[in-house]
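What follows is a short report on a single structure.
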Amino acid sequence: MNFTPAAILKQITEFWNKQNRKTKTIIISAGVIVIVIAIVASVLLNNKPYDVLYRGLSSSEGAEILTKLEGMSVDAKVESDGTIRVPSDKVAKLKMQLASEGY
């Protein structure tokens, strides 16, 4: 068998040309559906829910806590109103840890 790119492209072209219109439509539709499912799954699986850890902090308090969270390798989001959000599954544990350290 010849596995050069030109030979493979020729085989694909021959296969495609042998197909009728209905089969070509099904193949294209299946490809589009697979791509859409992959994109949706990627977005859903990479979307972490965040909950409020602290709200209404001053900029100095927020910076201090954020520095501490970064040192703990916690992914945190800071909002303009002084709210710090962390992944939902870590809120209780982080509140306990930070409270025990005086925050």
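The values are calculated or read from the model by the stated rules, or taken from the named source; none is laboratory data. Small disclaimer: the values here were computed from a predicted structure and weren't measured. Positions of Cβ are generated from backbone atoms using ideal geometry, with glycine treated the same way; all protein chains shown enter the neighbour counts. Ligands, DNA and RNA are excluded from the accessible area calculation, which covers all protein heavy atoms including side chains. Shrake-Rupley method; radii C 1.70, N 1.55, O 1.52, S 1.80 Å.
A few points about this structure:
- Projected label distance in nm at Leu9 and Glu64, using a 7 Å step from Cα toward the beta-carbon: 6.5
- Cβ-Cβ FRET estimate between Ser100 and Glu79, R0 fixed at 30 Å, reported to 0.05: 0.75
- Ligands, DNA and RNA left out, the 1.4 Å accessible surface of the chain is 61% carbon and sulfur atoms.
- Kyte-Doolittle mean at least -1.0 and Cα axial length at least 27 Å: DSSP H helices in the chain: 21-45
- In a reduced charge model with +1 at each Lys and Arg Cβ and -1 at each Asp and Glu Cβ, the chain shows a dipole moment near 900 debye about its Cα centre.
- Normalised alpha carbon radius of gyration of the chain [divisor 2.2 N^0.38 Å]: 2.05
- Surface analysis of the chain yields an accessible area of 77 Å² per residue, using protein heavy atoms and a 1.4 Å probe.
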